[in-house]
Number of protein chains: 4
Amino acid sequence: MTHDLRFSGVVPILATPFHADESVDTESLDRLVRFMAALGVDGVTVLGVLGESNRLSDRDREVAISAAVAAAGAMPVIVGASHPGTRATLDLIAMAADLGAKGVMVAASAEPVPNDDRLFEYYRRVGEGSALPIILQDHPASTSVHMTVPLLARIATEVPRIAGIKEEATPTPPKLRAIRKALGGRELNIMTGLGALYGHFDLEAGSAGFNTGFAFPEVLMEMVAAARAADWDRARRIYTRFLPLIVFEQQPGVAVRKDILRRRGLLAGNTVRHPGAGLPPGASEQLDALIEATLPGVDLTKPLDRAGL
Amino acid sequence: MTHDLRFSGVVPILATPFHADESVDTESLDRLVRFMAALGVDGVTVLGVLGESNRLSDRDREVAISAAVAAAGAMPVIVGASHPGTRATLDLIAMAADLGAKGVMVAASAEPVPNDDRLFEYYRRVGEGSALPIILQDHPASTSVHMTVPLLARIATEVPRIAGIKEEATPTPPKLRAIRKALGGRELNIMTGLGALYGHFDLEAGSAGFNTGFAFPEVLMEMVAAARAADWDRARRIYTRFLPLIVFEQQPGVAVRKDILRRRGLLAGNTVRHPGAGLPPGASEQLDALIEATLPGVDLTKPLDRAGL
Amino acid sequence: MTHDLRFSGVVPILATPFHADESVDTESLDRLVRFMAALGVDGVTVLGVLGESNRLSDRDREVAISAAVAAAGAMPVIVGASHPGTRATLDLIAMAADLGAKGVMVAASAEPVPNDDRLFEYYRRVGEGSALPIILQDHPASTSVHMTVPLLARIATEVPRIAGIKEEATPTPPKLRAIRKALGGRELNIMTGLGALYGHFDLEAGSAGFNTGFAFPEVLMEMVAAARAADWDRARRIYTRFLPLIVFEQQPGVAVRKDILRRRGLLAGNTVRHPGAGLPPGASEQLDALIEATLPGVDLTKPLDRAGL
Amino acid sequence: MTHDLRFSGVVPILATPFHADESVDTESLDRLVRFMAALGVDGVTVLGVLGESNRLSDRDREVAISAAVAAAGAMPVIVGASHPGTRATLDLIAMAADLGAKGVMVAASAEPVPNDDRLFEYYRRVGEGSALPIILQDHPASTSVHMTVPLLARIATEVPRIAGIKEEATPTPPKLRAIRKALGGRELNIMTGLGALYGHFDLEAGSAGFNTGFAFPEVLMEMVAAARAADWDRARRIYTRFLPLIVFEQQPGVAVRKDILRRRGLLAGNTVRHPGAGLPPGASEQLDALIEATLPGVDLTKPLDRAGL
């Protein structure tokens, strides 16, 4: 476990827990962060898409960041700070810095119509005004912004504050390879996400690890460890075993993931902020069967036994 | 001029003025609001799309609302309070109410995928929790949400807090007529916007007036007065005369409108928040010629002589 | 009137007339094309967005092109030939060439995700395989493809078959100027469209004329003539007078325009292909009043008296 | 194997094979169809999204349908016939019927703005004019049309020609259940697709089987057989084993799938029509490893031994 912003290994994206009245449940967030720290992950990210950041007020953000930082100890906390306005992005970054975060993650906005020069200028200004290292997030499914490899490489090369890339434009493996090639000499970690759906293929293509919300980070840690040891058979075996769970979890909507975290004893409930969808009918029963088939008899509230995966 | 929320006549949408460093220019905002009050408009709306609300932090919003309310006197201030999250929408409404606004304007969000029941439920919850009257904004060009006439009528009928509709789905005239028909007995004012591009046709179709950002509200006031007096020739003559200016102003981007307000002595500058586009090359010269042709020799810093339009 | 593909002046975009059963009404199309030829326009474009080309089978296209070419005499016919597939674009171009068209108009497709290199390659291949001169159409409102000025200039410069640009990305005036500047020495006509909504401003910015569907091309011809004679007062006066009609016509949906062409005695009916919207309730009455106010007592079935505009 | 349009079991969606010059490779298509018939699938679908139907001319479609029908023998061929125009949809259906197809698949178009009444009317008209049974495809990822459960049920109930639903709106399991419930008494098969990504969960939720392009239909046939026999352990085991391959195949772009079909000896090449993307760098090597891990030593050109899965 490292405590500076290396952006490699496993950095879970955290859900934002809510009480039944949709206020931020800081107690659950505290428990969630401590659980991750105890696992030995390389950091956590709060207020990403999974964190329902688009449904939060700035005050909610403050509450969530504070709780996460307080619980994290030496483990770095990265804060999602994307905003359609450049100055407002910097305001969010300043708030994160003030509250003790160690980095921010910033995705570009589709408003106004993006083009390469406009996108570069956005990151240039954000980089110039940021007191924290920045993770450049490339996630067209949520942003509708499609960034080319040369643009990503240009931003990463010319904006010193960029400390890593979170690559989530499918298909990810060829884009990972192309970015690494385009970066040339520049050392920069690229992590992948998307719930680890393409996890094994991403690792094969050189992903530095996972920055995603899969509710069993132990599995991802073991996959990364196997990949680092070049034990591809083991990496693939673990990936295959857990892939049905990965697939089920990454369905649209965050309720399934929140419910698994609830089953792990980390969240008090699975409340999603309206108008986000709650757990759909039938999902709970499917999840029962799926978890039992994948982890028969296992106590989910304990860290999984990594050696036995 | 009425001082309760009648939502009819002319309710200008205000630009949010910024200093060169993009901080909120409260002095210009004060001047802008007082100018509108002196014209005798029926209210003003702040923090709409024209107000660049999507590029503001919550603190920026607070500053702008406070300045507008302080300058407005008895004239009602309506605050744009749209937010993808229902609870966050209510937070924005509560802030507006605390700061002395008289109403809010709320457009629906495209996230998650909207359908009639989900949209209705959003407005039902917002209506239930709001201390202020709500203007339902139907503006698919900015929201990507397409609301049918039966849905609009249902929301307007079953959510008592709805105090008016701002209809901006093109073509507006047939939609205006259809909504009025669908509302049946329910008395509800429907205003139109879109920079008054379809102004004359909207009035013909029964629009209660204009809730839009055209920088010469005097023109719109006179059109509404003519329409109310059934002097359609006069309404059409004024519309035709100012239509080139209306067309030029409603081009994408808010810089042109801000520059006209600057020329009217209301804004200190025409700064648009990044990444919004500033005044494009050549626009200033075209504006010079256009204003000179439309209002030859007129001192723009004074209210226009309405009788002479 | 020139009979090669100069792409300047006025090149009306034609509606595709349909019988009540939605089959192509070649008789009306014949009448429409002959009327335009008699006006002395510089060419006509068929099968654009206004021509409902996206709702036609290839056989329908063949019928419409044949009828237009047969009626056009020496006047050039340009055919919309955009298609998501490159090879299918070339098939459409080959059909147009076989049937006697003098040029084609091609807009890029948003599928798959466009980027500068992919868009360039599309036009490069289309240019290489086309037997006809190509008009590059930049119309993001219908294509969702946003092309930058450097990209447009690169395509225009490196693909010899490009014979003109139809620029319809708002705001058009600054983009027109920027493209002309970026083209440097390359002689290339850029026409504008959008129903002539920004007509006067486009001419000021250097538009070579109008390639659009406004149902009174005589008005546009006179505006272009005035602009060429540097009589900007006259150009502006005509624009202002007809702007309410221009605005009304360019509302979403093609039914209004078809109904005006019907009133002009050119189309037998105003049928729009399903699921396109027909003339909405109330539009006909508004159109009556608007036309009477704009052209009182004029016989619409005759060419307008241009000198008297 | 049944030979009428039951729409259950496994109905592979076929790629459209192309020669290197992008012309339709009917020889490969013949081989592909015969292979499927020999496997005993319940039918095949041509000219879907995977079939690159959006990049084909009507003449290309004719060639592909003819080849598929000729090779299919008694096995039913379903033809993708979606088109933005209602009359053009009927033209495509008529072509399919003339050429011997046994059914068509129709997805709604986003143009013009869809709403429930407009979508219903589209399917009502298509149903009225179609000589063939219709599969209603619900695939918002490609159409941008989001159909609610009540709308789907209404279409299925009131349009007698609807012979099945292909449900591909994620998350699919709850939507499957909701549609079945909403259909009440109406017997109607609902199949799922999306490359079988959610295959096991779809079967649990009552999917009638798979109508998708996964290049190993034998696997899907065995999963369906296991589900029908209520042997859920076997179904899940097969799903888990092949899920990495399923995930890899369903990445955006059809080149990976075409390359697997090439490896199976069915397609002469993996050509994708421009501007579709070809096989990205590195994908071939990843595919080698993945296939070797999933099906070690197996001759892919032979049908898989289903009992041994």
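The values are calculated or read from the model by the stated rules, or taken from the named source; none is laboratory data. None of the values given here were measured: they were computed from a predicted structure. Cβ sites come from the backbone with ideal geometry, for glycine too, and all protein chains shown count toward neighbours. Accessible surface areas use protein heavy atoms only, side chains included; no ligands, DNA or RNA. Shrake-Rupley method; radii C 1.70, N 1.55, O 1.52, S 1.80 Å.
One compactness figure for region A:9-308 is 0.96, namely its Cα radius of gyration divided by 2.2 N^0.38 Å. The local environment of D:Ile190, defined by Cβ-Cβ distances under 12 Å, has a net charge of +1 under the rule Lys, Arg +1 and Asp, Glu -1. Taken over the C-alpha atoms, region A:198-242 has Rg and Dmax values of 9.2, 25 angstrom.
With every protein chain present, what is the per residue accessible area of chain C (1.4 Å probe, Å²)?
Numbers: 10370 Å² over 309 residues.
Each residue of chain C exposes 34 Å² on average to a 1.4 Å probe.
A Stokes-Einstein calculation at 4 °C with viscosity 1.567 mPa s, built on the Kirkwood radius of region D:46-194 over Cα pairs, returns a diffusion coefficient of 84 µm²/s. Counting only the backbone N, which residues of region A:134-152 are under 19 Å from the spot 7 Å out from the Cα of A:Ala277 toward its beta-carbon? The answer is A:141-143, whose backbone nitrogens lie closer than 19 Å to the label point.
How big a patch of accessible area, both sides summed and in Å² to the nearest 100, lies buried between B and C at a 1.4 Å probe?
On the way: alone 12780 and 12790 Å², together 23230 Å².
Looking at B and C, the buried total is near 2300 Å².
Please report how many Lys pairs in region B:9-308 have alpha carbons closer than 22 angstrom, counting only residues at least 8 apart along the chain or sitting on separate chains. Walk me through the numbers on the way to the answer.
Values: B:Lys102/B:Lys166; B:Lys166/B:Lys175; B:Lys166/B:Lys181; B:Lys258/B:Lys302.
Counting lysine pairs in region B:9-308 gives 4.
Excluding C:Gly276 itself, calculate the net charge of residues whose Cβ lies under 9 Å from the Cβ of C:Gly276, where each Lys or Arg counts +1 and each Asp or Glu counts -1. Around C:Gly276, the charge tally is 0.
Among DSSP beta bridges whose residues both lie in region A:9-308, state the antiparallel percentage, nearest 5.
Details: 1 of 23 bridges.
Around 5 percent of the beta bridges assigned by DSSP in region A:9-308 are antiparallel ones.
The Kirkwood hydrodynamic radius of region C:219-309, based on inverse pair distances between different Cα atoms, is 14.4 Å. Farthest towards the positive end of the charge dipole of chain C, among the residues C:Asn54, C:Gly282, C:Gly199, is the Cα of C:Gly199, using unit charges on the Cβ of Lys, Arg, Asp and Glu.
Taking Lys and Arg as +1 and Asp and Glu as -1, the other residues whose beta-carbon sits under 12 Å from that of D:Glu111 total +2.
Each copy carries a label point for C:Pro303 at 7 Å from Cα along the beta-carbon vector; from one copy to the others these points are 5.1, 7.2, 8.7 nm apart, nearest first.
Taking every DSSP bridge with both residues inside the protein assembly as shown, close to 5 percent are antiparallel. For region D:84-142 versus region C:59-129, the spacing of their alpha-carbon centroids is 26 Å.
Can you give the translational diffusion coefficient of region A:109-179 in µm²/s, computed by Stokes-Einstein from the Kirkwood radius over Cα pairs at 20 °C and 1.002 mPa s? Don't skip to the answer; put the middle values down first.
Numbers: Rh = 12.4 Å.
D, rounded to a whole number, is 173 µm²/s.
Let's test the formula: R0 of 56 Å, r as the Cβ-Cβ distance of B:Asp288 and B:Ala131. What FRET efficiency results, to the nearest 0.05? Present the calculation step by step, with values, prior to reporting the outcome.
Working: r = 46 Å, r/R0 = 0.82.
E between B:Asp288 and B:Ala131, to the nearest 0.05, is 0.75.
With θ taken as phi - 60° and the Karplus curve 6.51 cos²θ - 1.76 cosθ + 1.60 applied, the whole-hertz 3J(HN,Hα) list for region B:5-22 is 8, 7, 6, 7, x, 9, 10, x, 8, 9, 5, 8, x, 10, 6, 4, 8, 6 Hz, x standing for glycine and proline. Per the rotation superposing chains A and D, the chain A residue found at the smallest beta carbon distance from the axis is A:Leu243, 2, distance in Å. Distance distribution note for the protein assembly as shown: the fraction of Cα pairs above 56 angstrom is 18%. When only alpha carbons are used to place a centre, region C:152-206 and region A:25-44 end up 56 Å from one another. Calculated mean residue ellipticity at 222 nm for chain B: -14000 deg cm²/dmol, from DSSP H runs with n ≥ 4 weighted as -39500 (n - 2.57), summed, divided by the residue count and rounded to 500. Label point of B:Arg186 (7 Å along Cα→beta-carbon): distances to the other copies' equivalent points are 3.0, 5.4, 5.5 nm, sorted ascending.
Placing a label point 7 Å from the Cα of C:Glu285 along the Cα-to-Cβ direction, the distances to the matching points in the other copies come to 4.7, 5.6, 7.3 nm, shortest first. Sort region C:1-109 into rounded, prolate or oblate with this rule: let a ≥ b ≥ c be the square roots of the eigenvalues of the Cα gyration tensor; rounded if a/c is under 1.5, and if a/c is not under 1.5, prolate when a/b is larger than b/c, oblate otherwise. The shape class here is oblate. Among the trypsin sites (Lys or Arg not before Pro) within region D:160-260, those in coil by DSSP and having at most 15 neighbouring Cβ atoms inside 10 Å are D:Arg186.
What fraction, in whole percent, of alpha-carbon pairs in region D:138-286 exceed 19 Å separation?
Result: 58 percent of Cα pairs exceed 19 Å.
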